[in-house]
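Structure, as structure tokens:
The values are calculated or read from the model by the stated rules, or taken from the named source; none is laboratory data. Because the structure is a prediction, the values reported are computed rather than measured. Because the Cβ atoms are built from the backbone with ideal geometry, glycine has one as well, and the counts that use them run over all protein chains shown.
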Amino acid sequence: MDIAVIIIVLVLTIIIYVIVSNYFKTKIKSNKYRILVSIIISSFIGLILYVISVTVTIYFLFREKSREFERKNWILSGEDMEKRLSRYEMIDDLIDERLLDGKDSLQVKEIIGNPDVRNRENNSWEYDSGTGSGLGFVDHYLEVHFKNGKVFKVIHKRIED
């Protein structure tokens, strides 16, 4: 273990020990038994609190923002470069709600506008959806694949920095 981790867990344990020891003063008469019980409980709770705090911190650092797909915000995002950077937040909702599945190219344009890139080789369109997500930079793209003139696959593509 790293020395910083040991110090953090030790400080947590000492604080919890004081609280637990004071709680057990009236409950446990034997001083040695009270100290032993307080040490065991405070060590256990200190470790658990440390693990929980590290887990929560990592979750919030690396989680990807998301929000409901709104056509007006998606289209507006395409026109305004600053707002375009947050377009990626709507991709997962767009995919999960299957808003493009089975639509033809005209219907897709009506829902999410003109693509940034058209790939004729694999019959797909790509929409630049901005940069974001946790530590570092991740470029987000929405890929819409067509088969027989209809959407058959929509992908949230992430390119990590």
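Odds and ends about this structure:
- Among the candidates Arg67, Arg63, residue that is among the charged types (D, E, K, R), within 30 Å of Asp2 (Cβ to Cβ) and either exposed (fewer than 15 other Cβ atoms within 10 Å of the Cβ) or modelled with pLDDT of 90 or more (or both): Arg63
- Meets criteria (of a type in the set (Lys, Arg), more than 17 Å from Phe69 (Cα to Cα) and touching a His at 6+ places or on another chain (Cβ under 7 Å)) for Lys147: no
- Per-region count, the stretch 20-39, residues surrounded by 12 or more Cβ atoms within 10 Å (Cβ to Cβ), out of contact with any helix residue (DSSP H, G or I) (no Cβ under 8 Å at 6 or more places or on another chain) and of a type outside the set (Ser, Thr, Tyr): 1
- Taking the listed residues Ser43, Ser30, Ser86, Ser38, the one that is among the hydroxyl-bearing types (Ser, Thr, Tyr) and under 19 Å from Ile155 (Cα atoms) is Ser86, with no other qualifying.
- In the stretch 133-161, the residues that are part of a strand (DSSP E or B), buried (at least 16 other Cβ atoms within 10 Å of the Cβ) and either at positive phi or aliphatic (A, V, I, L, M) (or both): Val138, Leu142, Val144, Val151, Val154
- Criterion violated by Leu100 - all others in (1) surrounded by 19 or more Cβ atoms within 10 Å (Cβ to Cβ); (2) under 22 Å from the mean Cα position of the chain (by Cα) satisfied: (2)
- Those residues of the stretch 123-132 which are at pLDDT 90 or above and surrounded by fewer than 18 Cβ atoms within 10 Å (Cβ to Cβ), in sequence order: Asn123, Glu126
- Restricted to the stretch 1-119, the set of helices (runs of 4 or more DSSP H) holding at least 3 residues that are of a type outside the set (A, V, I, L, M, F, W, C) and closer than 30 Å to Glu143 by Cα comprises 71-79, 81-84, 91-96, 105-112.
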